[in-house]
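A short write-up of the structure that comes next.
Derivation of every value follows stated rules applied to the coordinates shown; laboratory data play no part. From a predicted model like this one, the values you see are computed outputs, not experimental measurements. In this analysis, Cβ positions are derived from the backbone assuming ideal geometry, glycine residues included, and neighbour counts consider all displayed protein chains.
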Amino acid sequence: MMARIKIIGNPELRLQGKVRISGAKNAVLPAIAAALLTKDKIKLKNVPLVKDVFTILTLMKEMGAEYSIRKNSLSLQIKNILFEEASYELVRAMRASILVLGPLLARRGKAIVALPGGCAIGSRPIDLHIHGLEKMGAKISLEHGYIQAEAGRLVGAEIEFEKKTVGGTENLLMAASLAKGESILKNCSLEPEVINLCELLVKMGAKIDGIGEELIRVKGVNELGGAIHEIIPDRIEAGTYLVASALTQGQITLTRTQPFHLTAIIEKLRFSGAEIEQVNSHTLRVTGSRKIKPQDITTSPYPGFPTDMQAQFTVLMSQAEGTSIITETIFDRRFSHINELLRLGANIDVSGDKAVVKGKTPLSGAQILATDLRASASLILAGLIARGETIINESQHLERGYEGIEMKLRSLGAYIEVLKD
Ligand code: UD1
């Protein structure tokens, strides 16, 4: 479904108030997939009610899950896996559907998952997931656009990721938890979402050593059980509001956040002139400064600067006094927001994996097009400070990952509305 968002922007806008950060989309998706590993009930708290969560729940239901949601708590149980296929429609809607591959193979010995095609942020292969599962004994082939995977009981293996992959690490951790014998995973991703998944798996009975490190050892068990687990706060949502405050010389207090997951983002924002104060262990207050200083950033795996914050930071740098160089090392073609920012009046040159942003340029509202989730967030930020009306077309991407963003921004003083056609 197409959606449009209208923003009346204003360079004088000062966002002010409190915003409560939701649970992390990228932590809840693997946690839901992990429910496939057991016949018992999994209860998740602090679940963000965003589109991607409903997409993976649709998939779970097709596979035999029963679930209920109350406020932000989800109770999920898959007594028997009735169907082990993830359709092209669902995988196309959300690439993270690939996270069911490891758990399905581990519990059921069979999985059929559509191969994710090209997506708006460059080619995103899944070869590392597949090689790892093959090393654990799975037979995998590609037919009619579907990955067909089969295995007896998976067996523990030593797997070194050629490059860091968040989803690959998660898929193999889940598979290894039910495999026969020990797996040694090397060059694992260090993202807090991976750690959050490990914590859930341990509560379910998995034997994992080295959580939060690059080398993780998993001793497979015969069976996993139910668990109650809290999803960590969304660091990308928090980072987006931090930038919103810095961009508008605002003062926003973020509650229910996890400041130490935000270290790289906070550091860059401080260098750019924003004041960020930790009010208590889960609360941050950010005050934007009149003058924004240019900053170069290079995206890299955690604990580096996250690629999911690159687009938002680019908007901030368009208002800095001077030139910044943004280098994107994780995904190719992740600059689709830039053409739209140019329409608003930004001065940005892209060459290869670099964007050279020259500030400070006044922005003026226009019709623009959202292409992916984080690009959409950056366009909203730009719209807030662009003079006049901005219409963001195809803004449905936003609903995939930001819980209540219009409402949250309105409560901070923005004029933003979803247009119903
Ligand atoms: C996850 C996040 C996404 C974030 C990304 C990088 C979720 C649901 N999504 O995506 O928001 O932008 O991490 O932080 O958690 N790669 C391969 N082969 C593979 C797997 C990955 O070459 O088999 C490459 C990718 O093309 C990319 C890089 O590795 O260049 C990192 O990708 P990965 O960490 O796997 O991203 P996702 O798990 O898909």
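Per residue of the chain, what 222 nm ellipticity follows from adding -39500 (n - 2.57) for every DSSP H run with n ≥ 4, rounded to the nearest 500?
Estimated from H runs of four or more residues: -9000 deg cm²/dmol.
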* **Between helix 373-385 and the chain: long-axis angle, C-alpha atoms, 0 to 90°, nearest 10** => 20 degrees
* Asked: How many nm separate the modelled label positions at Glu417 and Arg285, each set 7 Å beyond the Cα in the direction of the Cβ?
  -> 3.3 nm
* Asked: Looking only at the range 15-47, which residues have a backbone nitrogen under 19 Å from a spot 7 Å from the Cα of Glu62 in the C-beta direction?
  -> 29-37
* Scan around Glu160 for amide H atoms under 5 Å from its own, H built in the peptide plane at 1.01 Å from N, and keep only partners 5 or more places away or cross-chain. => Lys186
* Structure fact -> Answer in debye to the nearest 20: the dipole magnitude of the chain about its Cα centre, from +1 Lys/Arg and -1 Asp/Glu charges placed on Cβ, is 900 debye
* Structure fact -> Expressed in nanometres to one decimal, the distance between label points 7 Å along Cα→Cβ at Lys45 and Lys203 is 0.8 nm
* Structure fact -> Nearest 10, in degrees from 0 to 90: the angle of helix 166-177 to the longest Cα principal axis of the chain is 20 degrees
* Structure fact -> Where a ≥ b ≥ c are root eigenvalues of the Cα gyration tensor, a/c under 1.5 meaning rounded, otherwise prolate if a/b exceeds b/c and oblate otherwise, the range 46-195 counts as rounded
* Asked: For the chain, what is the percent of antiparallel DSSP beta bridges, rounded to the nearest 5?
  -> 70 percent
* For the range 226-233, just list the computed ³J(HN,Hα) in residue order, Karplus coefficients 6.51, -1.76 and 1.60, θ = phi - 60°, integers in Hz, with x standing in for Gly and Pro. => x, 6, 10, 8, 9, 7, 5, x
* Assign one of three labels to the range 1-129, namely rounded, prolate or oblate, based on the Cα gyration tensor with a ≥ b ≥ c the square roots of its eigenvalues; rounded applies when a/c is under 1.5, prolate when it is not and a/b is larger than b/c, and oblate otherwise. => oblate
* Asked: With point charges of +1 on the Cβ of Lys and Arg and -1 on the Cβ of Asp and Glu, referenced to the Cα centre of the chain, which listed residue (Ile184, Leu13, Ala206) lies farthest in the positive direction of the dipole?
  -> Leu13
* **Charge dipole (debye, nearest 20) of the range 72-221; +1 at Cβ of Lys and Arg, -1 at Cβ of Asp and Glu** => 400 debye
* Asked: To the nearest 20 debye, what charge dipole does the range 230-302 have about its Cα centre, counting +1 at the Cβ of each Lys and Arg and -1 at the Cβ of each Asp and Glu?
  -> 280 debye
* Structure fact -> Placing +1 on each Lys and Arg Cβ and -1 on each Asp and Glu Cβ in the range 278-378, then taking the dipole about the Cα centre, the residue among Val357, Gly322, Gln367 whose Cα reaches farthest towards the positive end is Gly322
* Using only Cα atoms, tell me the angle between helix 25-34 and the longest principal axis of the chain; keep it within 0 to 90° and round to the nearest 10. => 10 degrees
